[in-house]
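Note sheet for the following structure.
The values are calculated or read from the model by the stated rules, or taken from the named source; none is laboratory data. The structure presented is a predicted model; accordingly, all values stated were derived computationally and were not measured. With ideal geometry, Cβ positions are generated from the backbone for all residues, glycine too; neighbour counts draw on all protein chains shown. Each accessible area value is taken on the protein alone, full model and side chains, heavy atoms only, with ligands, DNA and RNA left out. Shrake-Rupley method; radii C 1.70, N 1.55, O 1.52, S 1.80 Å.
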Protein chains: 2
Amino acid sequence: MFHALSDTTRRDILRRCVRDDLSVSRLAEAYPMSFAAVQKHVAVLERAGLVVKQRRGREQIVRTDPDAVGRARQALDELETAWRGRVERMSHLLAQDAEPDAHDPTEGQI
Amino acid sequence: MFHALSDTTRRDILRRCVRDDLSVSRLAEAYPMSFAAVQKHVAVLERAGLVVKQRRGREQIVRTDPDAVGRARQALDELETAWRGRVERMSHLLAQDAEPDAHDPTEGQI
DNA sequence: CTAATCTACAACCAAATGGTTGTAGATGGG
DNA sequence: CCCATCTACAACCATTTGGTTGTAGATTAG
């Protein structure tokens, strides 16, 4: 999934499809590359579950899956939270070390 | 930056460094690949600003940058929010269409 | 000082990636 | 029915990527 997000064109496709539902050929018009290339990008996004294709006549409409984007976001959210939590714990430990009744043998070490 | 996150090993390195500050060689012990390979992964994370290296004696300590992770998270957060907002607007439009005094010529179309 | 450790970086290689063109299968319009 | 449009997919190519080994520079331990 992060792999799918790692390409500029694919992130842009995602952004466009958030605004409007677009067919693959409509999307392809927006980029300086072949239709087949855009189609491959959409396929990558689809395999990652970030996007869903839905037939409408002879067109294939591309829609972003908000839940999938949400899951990716949440993964990073947890990373960030874990880090903040760690800083919190470290501050706590430092506070403990500073307690007046501490009889830590390493106390004298600057 | 998403590119840096697109590799499993790099995401794992990030997770490990969130828990502890680790030297490059310590990190390398954890993976079935050469030291140089891990070093390259760290370099990629560093170029993406996700991680910072800090000299300690002859070791190089790797620390995650929580702000960078936060920025990536926020980018996805905005994507998700944009999508939810769009659904909101669509619901609103549908509600307007359903208003009793509507004199829409397409009203009779099933 | 010498040896051991940790790091940096270059050169190289196989595989994946992003792009191309070409061909063929559905679908709708006239 | 026939044609134009939209899509899918295969084959191919250049570049990037993730990995290797080897060499060399710092820094600490003895």
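Restricting to the range A:41-52, what's the tally of residues that are in a strand (DSSP E or B) and either surrounded by fewer than 15 Cβ atoms within 10 Å (Cβ to Cβ) or in the same structural domain as A:Arg71 (by TED's automatic domain parsing) (or both)?
Here the count works out to 1.
Considering every residue within the range A:69-88, establish whether at least one is open to solvent by less than 80 Å² (accessible area, probe 1.4 Å), in a helix (DSSP H, G or I) and more than 26 Å from B:Asp12 (Cβ to Cβ).
The answer is no, given that none of the residues of the range A:69-88 is open to solvent by less than 80 Å² (accessible area, probe 1.4 Å), in a helix (DSSP H, G or I) and more than 26 Å from B:Asp12 (Cβ to Cβ).
Mind listing whichever residues of the range B:23-40 are within 13 Å of DNA strand C (Cβ to nearest atom) and either on the phi > 0 side of the Ramachandran plot or open to solvent by 40 Å² or more (accessible area, probe 1.4 Å) (or both)?
Passing the criteria: B:Ser25, B:Arg26, B:Glu29, B:Ala30, B:Met33, B:Ser34, B:Phe35, B:Ala36, B:Gln39, B:Lys40.
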